[in-house]
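Quick notes on the structure that follows.
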Amino acid sequence: MTRKKHPPVWIVVLVCSAAGVVLGGSASWADSNQCMQEKVVTDQCLTQDPLKKTSEGMIAGMVAGAGAAVGATWSQRKRSQE
């Protein structure tokens, strides 16, 4: 049997992290905009910095994407060894 070639782990982590940054940043940005469009705007909504909230979402997305990539790569390599 021939062994299937897997992409390097760092490429999978890089791609998944980039996707996480985009999705996390977009979700946080949308949440900030939605907060300002509600009928009753809360104090927390007025005092939060949209740039900080978006960057926090991007960081969380990057960490989640990297974790998912490592987990998926580990699982795939474990299956291919069986």
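Would you mention how many residues in segment 33-64 are charged (D, E, K, R) and part of a loop (DSSP other than H, G, I, E, B)?
Of the residues in that region, 3 qualify.
Which condition from (1) modelled with pLDDT of 90 or more; (2) touching a Ser or Thr at 6+ places or on another chain (Cβ under 7 Å) is the one that Pro50 breaks?
Failed condition: (1).
Does Val40 meet the test of being on the phi < 0 side of the Ramachandran plot, out of contact with any Asp or Glu (no Cβ under 8 Å at 6 or more places or on another chain) and in contact (Cβ under 8 Å) with a residue 24 or more places away in the chain?
Considered against the rule, which asks whether it is on the phi < 0 side of the Ramachandran plot, out of contact with any Asp or Glu (no Cβ under 8 Å at 6 or more places or on another chain) and in contact (Cβ under 8 Å) with a residue 24 or more places away in the chain, Val40 comes out as no.
Could you please let me know if Ala30 is surrounded by 14 or more Cβ atoms within 10 Å (Cβ to Cβ) and part of a helix (DSSP H, G or I)?
Considered against the rule, which asks whether it is surrounded by 14 or more Cβ atoms within 10 Å (Cβ to Cβ) and part of a helix (DSSP H, G or I), Ala30 comes out as no.
The values are calculated or read from the model by the stated rules, or taken from the named source; none is laboratory data. Source: prediction; values computed, not measured. Here the Cβ is made from the backbone with ideal geometry for all residues, glycine too, and neighbour counts use every protein chain on show.
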